[in-house]
Each structure stands twice: as structure tokens, then as C-alpha cells.
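The values are calculated or read from the model by the stated rules, or taken from the named source; none is laboratory data. In this text the structure is predicted, and so the values were computed from the model without any measurement. Cβ placement follows ideal geometry from the backbone for every residue including glycine, while neighbour counts extend to all protein chains displayed.
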Amino acid sequence: MRHFAYRFLVASSAACLALAAGAATRPRYGGALRVEIQAKLSTFDPAEPLDVAEAEAVLKLRELIDDHLVRLDPQGQPQPALAISWEHDAQAAKWRFKLRPGVKWQDGAPLTPEEVVTALEGHVGGASVRLAGEALEIDAGGPAPGLLATLATDASLSVRRPAVGTPPLQRDSAGALPIGTGPFRLTTWEPGRRAVLQANEDYWDGRPYVDTIEIQMGRASRDELLDLELGKADVVELDPVEARRAQQEGKKIWTSAPVELLCLRFGPNRPAVQDRRVRLALAGSVDRAAIQKVLVQNYGDVAGSIFPQWLSGYAFLFPTVMNLDRARQLRGEIGAAPTLKVGYGPSDMLARQTAERVAVNARDAGITLQVAPLPEGWRRMPDLRADLLVQRARIDGPTLSKAALEAAASLGLPLNGEPDRAEQTYAAEREFLDTLAVVPLIHIPELVGIGPRVMDWSATPWGAWHLERVSLEGEKP
Amino acid sequence: MSFRAKLLAVFTLTVVLSVGLVAWAVSFLMRDAFERLNSERTAALVAQFQREFARRAEEVTRRVEGIAKADETLHMAVSLSGTAPDYSSHVDDAAGLAAAHQLDFLELISGDGTIISSAQWPARFGYKQEWVTAPAAPTDWVAQGAFLKREDLADGEALALMAVRVVRAGDTRLYIVGGRRLDREFLASLVLPTEMRALLYQEAGQEGGESSGGPPSAGLPNVKGVADSRLVDATGPFPWSDKLMPLITRVEREPAESSAQITWTADPASAEIFHVIPLTGLNKEVLGMFLVGSSIRELVELEKHIRVVAIVVAGGGILLGVALSGWTAARVTKPVEQLAAASRQVAAGNWNVRVETRSKDELGELARAFNQMTQQLVEQRDRLVQTERVAAWRELARRLAHELKNPLFPLQITVENLLRAREVDPGEFDEVFRESSRTLLAELANMKTIIGRFSDFAKMPAPQLQTVNVNEVVRGALKIFAAQLNVPVNVPGKPPITTQINLDETLGAIQADPDLLHRAVQNLILNALDAMPAGGTLTLRTQAATSGVRLEVSDTGKGLTKEECERLFTPYYTTKLHGTGLGLAIVQSVVSDHGGKISVESEPERGTTFTIELGIKN
């Protein structure tokens, strides 16, 4: 893990800490935390091909229900969770974890070491997982210095009770809801609409302050802001324009580090964009600064690279300025060019606005773009019938190597295993961007509106919420 | 053409012309009235369009004015009046304001023309709208009022009715540019009379596309046309745009109101008269057109109805004409036909025919004149016959006298010589008596011959028909004249006659009396020889005729005059010094008795040709 990355994390967490400082009074128990999100969740399985917002929402929800062996503090340092201590050999290849005793499932059953092995087995790369007495041993087969970060952030490495015949954390055939060892237990699940979680009284890290968390799904950013203003919601996801407005009105806004990449992605087999000059002309015509300033309301950063500066430290090496003259020259060389079809996720407002703006910019270069939403479930479709997409990709790390794996999965960044040095990531990224398969536009942070009742808001800079630490003003101490 | 046909033609022509003239006059007046009505309806629709246009213009102006006067707009202007104004926080403002004030288009534009926020094209923030701040732009937007503008959109262009207001915050100006779309919904607000349609055409700027197909609009034939998204009616793109493009192009070239008749299909009833009004923008440039179409279906159907009625009336008139002409003809032409039939009988020799008449009109007068004429003809014929008989008798007497006078004179001289010889020289009386007796006998024989000829002519026998070869008859006749025809040259008193015999040996036999035919040919040859006292060429020719045989006998004599030719076959008429005038009369009699024809052709000094035509079956 690169040291400079954590320096950035520390700095970007200042706002978070300031919020926490404002809530220095003693936390109070009770009450229902009302959360509104834009995604409509129909599944909890992160392996499903979900939209970025949906995947992030699934991750956040699972973090409330499940546990990991370790977890990261806001500085990115591993802290004990289901494992109370750990040690490894000199090559960091063999790891030995001492499991926390007395942990119970949310239905009261004790968590056994065998269940932990069962939950992790097969998910830790090519490593073997086994019990050695009361301890858990993981043999990575080679040096794995980032294993703790992986165990802390990889959703597939959460410890959960395996469901038989049904996807994890979905209602099984008997109507039962998933059970974990996390701070909250899912008690109500209305797919796409609403979820209610109850505080886990037997949580090993102490009972959460709020009694319940009520999650409303599929709320538009504008409606979320309105609910926040009317006191109908305590925590809301906001788009940049609403976040800016809320900020101007004095609302509390939490901003993560840039954790998403908004980019253009060319269809790999689309004849209309096979000519490199078309891609170059299009990339050169985009006014990233206007998008960053207006559509993202100055919250994000213009991006010429996949990984944001706080993660890689080298993002400034990639150019971000537009070159309309060059774009027009390339367009002139192409001759007759067809109208390109630009797609975006149907529920992604920022992607739509960005696609429309890209179309306006491309028009200046003499390229005609036809903007249209992609069909629902577009991630599962083999042919999207779009020449290029305006797409978001989650690049939140919290380490560069972890972010590289995410980019490999979401954008097709070619990697030879998990890179352990920034130079490797840079080389791969440079080579990948030279193919013009992806044109980075903006690095976007996560924006959360926080209501006045919320005390002790806690979240990591890379966007992980710790709702178990949140309390509500006015509840019993 | 018969009188009856002429009468029918006149009747028919009169009826058709009359009906046609009336139908044309009615159609002309009706078309004139229809065009006047159509003009009035078009003018009414155009006036309605202008009223609706003005109403919407006022509405747009009022709404833009409302936005400009709103407190939040003023606050916005104030917030943008700093040295480094942040436009980004207002990027969504136009959409909200446009929705609140029911405007299709709204843009908030800074004093330098930069788009701060656009409701119709949100992604266009930061671009310039230079027309607002251009030197040529109106200085007083309030006085300018609403105007037509072509509005760029992400997916093309739209025709818009726009208004501009300026909000001032110190030196900062904020332009409020709002408007409403002028499209098919606008057309839908117009109340269209039946058989009329209103279309809106938007001039293409940078873009503008075509699409084909689409369901046909109401009133249009169900045939696939070519739609152009720039031309719409109240239901959507007009599917027959291609038909209207020539008219639209004409108005584009010369921006003035224009009209034309558009025919959609081969059916003339589908045609419409389109009136085009150019719609201009701030700089008087043509941005669109308002088209009013008025169907001529009613006119065409009315004209068709009139045409059908005219045809029926004309047909009835023709039938009536036929009946009338028949009746009239029966009244008028029957006496004429009777006269014609009587005339034909008269021509055929029946001069005793009479035409019955009861009428006292011109035709009755004509019939009576005809009857009088035939009566006079009969009387004249009788008189002529009587005259001819007298003449014939006189001619016969003259001939007899002439013929008999010649031998009588020698008889008288001889008898006087006998008497004188008895008185003067009785001794030589016997010698004189013998000599005189021979002379008397010779002259008596001569007289007997003459009388015999007359007798023969008087008792020409009826032909006894049998199969006869004409060539054989000709050869037989020639044998009789062999001595005369084979005279050597330079024999004194014997003219040299050359004979040319051209007989068609393929000639078939005919039914004829060989003796009579032989006699006729003999007479013709004799006649020809008499015509050539100084010699010449006798030509005999036989050949097949249409229904029999033709025999020609030609000489190269001095020929005959026309008068001689006409009288040649008259009995006892002769041009010869010692002829009886019976030879050719006998020939004509023989030919006539055989049912044939004889004709003569002659030219003076060129000779004469007699032609006999005889039928195979006589």
C-alpha cells in the first residue's frame, strides 16, 4: 500500500472528522435512521452485473449485515473484526488469524470456526483456508502483503451464513431473510422499494445506537433533497447539483474522495468507431472542465487517467485539456462519418447529462452523436447497439492495487495479477489508455446529505459508511 | 350521306352542342364560385392562424415578462453580477422556470451571450447565443415583442415563437429568452373547416431530415408517400411532403404568398389547392411556412355530376333526335325516295311511272312536276318514234329510190336504144336487141340483188346457239377474203392489205350461232377493207374478256368522225358511196341477239376498231 495515498486519505477525511467533532456530545440510543438511496435493489449479490450505484448500495447494505475478518479504519489501517489478531510469515504468504470468541449469528446461533472457513473458502484468490486448532490459517501460496485490505473490503469475503439453493442474502424459498453477524439484521425486504434493518443486540462490537435503519430505494436526487429539507430523511445520496444546492442552503454534506470514474467507453466491435481518428477526434473535442464545473458542480476532478490522484499519485501525468482544432482536423481526415450512438445507464442522470454534453462538444468537431438510454439490464446484454457509452466505474480502492483490480473488472484494464507497485499500474494504465478503449472524463466523489438529527456520522474516505456508529439527536442517552 | 343521315347528324350536333355549351357554362360559373368560396375559406383560416399566432405571441411575451420580473430572477442576476460569477449553480434553473411558466424553450443568457442555463438543451451551457448580443439585435426587446426563431435542439431544430427580456443588476445584464414551439400542436389548436388542412413547414438549417412512410393523414389516399419531418400537420409528419416540395421551393426562392394545385393521385378528386404563407424571423429571413390546403373534391364531384347529367341529357337528345329525324325523314324523304325510285325507272326506260302525292308542299310540287315531266317524255317519245318512223320510211324510200334509180336508168336507156334501133336501123335491131337484152337482164339481176338485201335485213333469223370457237369463225371469214388479202404489191386497182391475226388460242368456246357470227365478222372485215381503198393493215384479235371473249377488228383507214361513230349502226346509214347502210346494222343486230356488246373507237386518219364482246353462255 502506497504511503502517499494514505496521506491523501487522511487529508480528505478532515471534513468527516469535523462533522464528528461537532457531535462530540454523548451518543444516544434509539430511533430510526431514515436512509434514501437512488438505486433500486432487487438482489444483494454483488456478483450480479449491477449498475455502479446498485453495486455500491449492495455493498453498503451488506456491510451492515455481514462481518469481515478485519476492517479498515479511516486511515486505511487494518483493525480487528472477527479476527482479533493475526500474524504472517516473512514473505507474508502464510497468515494465521485468531478468531474472536463468542460471536453469534443474528438469530442467536454461535458462529463456529468451521462456518468462517466455509464462508471464505474458495474466495481468497488461489489461497487455501483451513483451521489450525482455534486459529484460521490462510496460505496464499506466495507473498500477499495486501491480504488484510482485501479481506476487509472484498464483499465476497464477508462472513455470512451460506444459503442453500438460493443466492446469498435473498429470501429463500421459505421466505426467510439472510442472517449475518453484522451490526444490523435485515427484517423487511421489499425489492426495489424498501428495506428495514434492526439493530443486532448481540453484536460483538456493541449494540448500534439506532434501533432501526429504514432504507427507501429508487429515490431521485431532487426528491431526496426535498425529503432532507422536510426532515423526512436523515441520510440521502445526492447528485452534484443537489449537493451544491444543499450546501448553499447550509445543509451538512459529506464528500468522499473521488471514488468513481466517469468515462467514455467505445464499443469494442462497433465498426463506426474502429477508426482511431474517430476516437481521437471525439476525445479531443470533450470539454472536461465544463463538465466538472457545471455538471459535477466542482465536486470532482477532471480526469485523464483511470485512477484518481489520491490513489495513484501520477494522475497529473495524463492530459485533460481539450483540443478542438486537432479534433476538427482529424474529423476532416475521416471524410463521411456516420452518426454515432451514445448510450448511458437508464437511471444514471449524470451519465445522461454528460452524454448530452459530449454530443454538444462533438458537434463542434463535426461529429454527430445520437444520445439514447440503454435498456434496463444492459450490463447483461452482449450487444448494446451503442458505439460508445458514458459509463461510471467504481475506483475506490482503498489501495491502488485493489483499485487496479476493480478497473480490470469494470473497464477491462489488462493486468498480470495484482500489481504491487504503482509503476506496474501506471504502465498498464498508460498502455490501456493509448488504445482509446476508454476516455476518462471526471473523477467523482460520493456525496451524502446528512440531516440535522444525525450525530457522529462516520464513513471512510473511499465511501464506506459506518452506520453502526451513528446516533440520532434527541433519543435517549 | 343520305338525307336521313344528314338530318340525324344535324339533330345530334345541335343537341350535343347545346347541352355541352350549357354544361360548360354551368361548370365555369360553378368553378368561379368555388374558387371564390375557397379563397374566402383560405383567408378565414389564415386569419385564424394569424389570430392564434398573435395570441401565442402575446402569451409568450407575458410569460417571459413574468420570469424577468420574478424576484428569483433578479436574485440570480444579482448573484451573477460579481467579478467572477459562478454560472454552474444555475445550470438547472432554466428547466425549472420553463416548467413553471409553461414554456417550451427558455434560456438564461449572460450579458456576453453565454448560455447559463438552457431548458431545451441543458447540455449547451457555456456556449454563446450571439444573436442576442449582436449589434444587429434589437435594442428594445420590449418593443420588439415576440418573433419567430429557428431553435437549435439536441435532436434537430424547431420553429419557435420567442420573446426576449433583459434583467439588469447594476451593469450586469441577464437575458431571459423564452418561447413556445410552433409545431403540430399549434396546428391542432386551429379549427379547420371540412375538406381543409393546415400544414407547417420548418426551414432546414444545419440539419433536417427525411423519413419515409408513416400512416397517411386523414383525407389522403392510402398510398405510400415520402414524409419529411420538416413538414407537419396536426397529427405528425406529413406523409406526402414530396408532392409539396416544388411549391415550398418556389416560396423559398421568392418569399411571397403563393398557391398551387397539388394532385395526390390519378384521381382528380384527390387534388387540393395549397396556399403558402412564408413565416419570417427577426431579419426577415424565411424560417418556415404555413400551408393551407383546400380540397377540390366537391368541385370535381360536382363537375363530374354535371358531366354525367350533360351526357345523359345529350344521350337523351340524341335518341330524341334519332326518333325525330326518323319521323321527319319519314315525312320528308319518303316522297323524295319515291321520286328517286321513279327516276331510276325512268332511267331504265319505264317512262310510264307515276309518283303518288297528296301533299301540297314543295315535295308535292316536285312530285307533280316529275309526273308532268314523265308524261311529257312519253308524249315526246311517241312523237319521236313517229318522227323516226317517218324518217325511216323516208330514208328507206330514199334508199330504195336511190338504189333502184341506178339500174332503172340503164334499163330506160336500153329500152330507148331498142326503140330507136327498131325505128332507125331495123337491120341491126336484132344485134341491139341481144345486146340490150343482156343489159336488161344484168340490171334486173342487180335490182333483184338489191331487193334481196333489203329482204334479208327485214327477215334476220333468230340465232341457233351451239358451241362455237370464235377463232374458227374468224379464220373462216378470212378465207372468203383471201383473194383480196393476198394481193401482191403494185398490182393496179388492187390495194395492198396487210393482215395481222392475233388470236388467243386458249380462248374457250362460246354459245353462238356460227352462221350469224360468221356473217357479222364477214361484214366487219368487208367494212374494214372498204375503209382502206389505198391499202393498209387489217388486224383481227381475239382474247378472253371478263365473262366471255372479245373480238377486235381494226383498220388503218381514214377513220370516222364522232357524229359518224354515233350513227354508224343506224340502218341504211352509210358513209360509202355505194353502201346500203345495212352491214353494220346487221352486225349490231347479230351481236345484240347474242346478248353481247359492240363498240367502236376511231380517230380521224388513224383508223377504226370495232370490238365485240360475247358471253360464254348466251
Please verify whether segment A:418-427 includes one or more residues that are closer than 15 Å to residue A:52 by Cβ and either more than 14 Å from every other protein chain (Cβ to nearest Cβ) or in contact (Cβ under 8 Å) with a residue 24 or more places away in the chain (or both). no
Tell me, yes or no, whether segment B:492-499 has at least one residue that is of a type outside the set (Asp, Glu) and closer than 22 Å to residue B:581 by Cβ. no
Looking only at segment B:108-143, and only at residues there that are within 14 Å of chain A (Cβ to nearest Cβ) and touching a residue at least 60 places away in the same chain (Cβ under 8 Å), the one that is farthest from residue B:70 (Cα to Cα): B:110
Go through segment B:423-446 and give me each residue that's surrounded by 15 or more Cβ atoms within 10 Å (Cβ to Cβ) and more than 24 Å from residue B:406 (Cα to Cα). B:429
Residue match in segment B:89-96 (condition: away from every other protein chain (no Cβ under 13 Å) and in contact with a Ser or Thr (Cβ under 9 Å, 6 or more places away or on another chain)): no
Can you tell me which residue within segment B:477-527, out of those that are under 17 Å from residue B:615 (Cα atoms) and among the polar types (S, T, N, Q), is surrounded by the most Cβ atoms within 10 Å (Cβ to Cβ)? B:511
Kindly evaluate residue A:343 against the criterion of being without any contact (Cβ under 8 Å) to a residue 24 or more places away in the chain and away from chain B (no Cβ under 14 Å). no
Yes or no: residue A:330 assigned to a helix (DSSP H, G or I) and in contact (Cβ under 8 Å) with a residue 60 or more places away in the chain? no
Return yes or no: is residue B:524 within 17 Å of residue B:601 (Cβ to Cβ), outside any helix (DSSP H, G or I) and either touching a Pro at 6+ places or on another chain (Cβ under 6 Å) or in contact (Cβ under 8 Å) with a residue 12 or more places away in the chain (or both)? no
Counting only residues in segment B:450-474 that are at pLDDT 80 or above, in a helix (DSSP H, G or I) and out of contact with any Ser or Thr (no Cβ under 8 Å at 6 or more places or on another chain), the one surrounded by the most Cβ atoms within 10 Å (Cβ to Cβ) is identified as B:473
Report, by residue number, each residue of segment A:195-211 that is over 19 Å from residue A:474 (Cβ atoms) and in contact (Cβ under 8 Å) with a residue 60 or more places away in the chain. A:195, A:197, A:200, A:202, A:203, A:204, A:205
Please work out if residue A:298 is surrounded by fewer than 23 Cβ atoms within 10 Å (Cβ to Cβ), in a loop (DSSP other than H, G, I, E, B) and within 14 Å of another protein chain (Cβ to nearest Cβ). yes
What number goes with the only condition from (1) at pLDDT 95 or above; (2) closer than 17 Å to residue A:361 by Cβ that residue A:307 does not pass? (2)
In segment A:245-289, what residues are out of contact with any helix residue (DSSP H, G or I) (no Cβ under 7 Å at 6 or more places or on another chain), within 14 Å of another protein chain (Cβ to nearest Cβ) and either on the phi > 0 side of the Ramachandran plot or not in a helix (DSSP H, G or I) (or both)? A:249
If you take the residues of segment B:77-88 that are out of contact with any Ser or Thr (no Cβ under 7 Å at 6 or more places or on another chain) and not in a loop (DSSP other than H, G, I, E, B), which of them is nearest to the other protein chains (Cβ to nearest Cβ)? B:88
Residue satisfying condition, being surrounded by fewer than 21 Cβ atoms within 10 Å (Cβ to Cβ), aliphatic (A, V, I, L, M) and at negative phi, within set A:57, A:119, A:152, A:132: A:132
Which fully enclosed strands (runs of 3 or more DSSP E) of segment A:333-395 have 1 or more residues being in contact with a Gly (Cβ under 7 Å, 6 or more places away or on another chain)? A:369-373, A:388-394
Subset of segment B:582-594 [in contact with a Leu (Cβ under 8 Å, 6 or more places away or on another chain) and surrounded by fewer than 16 Cβ atoms within 10 Å (Cβ to Cβ)]: none
When every residue in segment B:13-61 that is of a type in the set (D, E, K, R) and surrounded by 13 or more Cβ atoms within 10 Å (Cβ to Cβ) is compared, the one farthest from residue B:290 (Cα to Cα) is B:31
Select, from B:263, B:249, the only residue that is in contact with a helix residue (DSSP H, G or I) (Cβ under 9 Å, 6 or more places away or on another chain) and exposed (fewer than 15 other Cβ atoms within 10 Å of the Cβ). B:263
For segment A:366-395, give me the residue count where each residue is among the aliphatic types (A, V, I, L, M), more than 22 Å from residue A:56 (Cβ to Cβ) and within 14 Å of chain B (Cβ to nearest Cβ). 4
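Conditions tested, residue by residue: (1) under 24 Å from the mean Cα position of the chain (by Cα); (2) over 30 Å from residue A:193 (Cα atoms).
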residue: A:63; (1), (2): yes, no
residue: A:68; (1), (2): yes, no
residue: A:90; (1), (2): no, yes
residue: A:123; (1), (2): yes, yes
residue: A:133; (1), (2): no, yes
residue: A:137; (1), (2): no, yes
Could you pull out the residue among A:229, A:260 that is at pLDDT 90 or above and over 20 Å from residue A:56 (Cβ atoms)? A:229
Determine which member of the set B:311, B:273, B:318 is surrounded by 13 or more Cβ atoms within 10 Å (Cβ to Cβ), in a strand (DSSP E or B) and either at pLDDT 90 or above or among the hydrophobic types (A, V, I, L, M, F, W, C) (or both). B:273
Residue B:573: passes all of (1) loosely packed, with under 15 Cβ neighbours inside 10 Å; (2) over 52 Å from the mean Cα position of the chain (by Cα) but (1)
Check every one of the strands (runs of 3 or more DSSP E) wholly within segment B:93-191 and list those with 3 or more residues that are closer than 28 Å to residue A:242 by Cβ and at pLDDT 90 or above. B:105-110, B:115-118, B:172-181
Out of all the residues in segment A:213-244, which are part of a loop (DSSP other than H, G, I, E, B) and hydroxyl-bearing (Ser, Thr, Tyr)? none
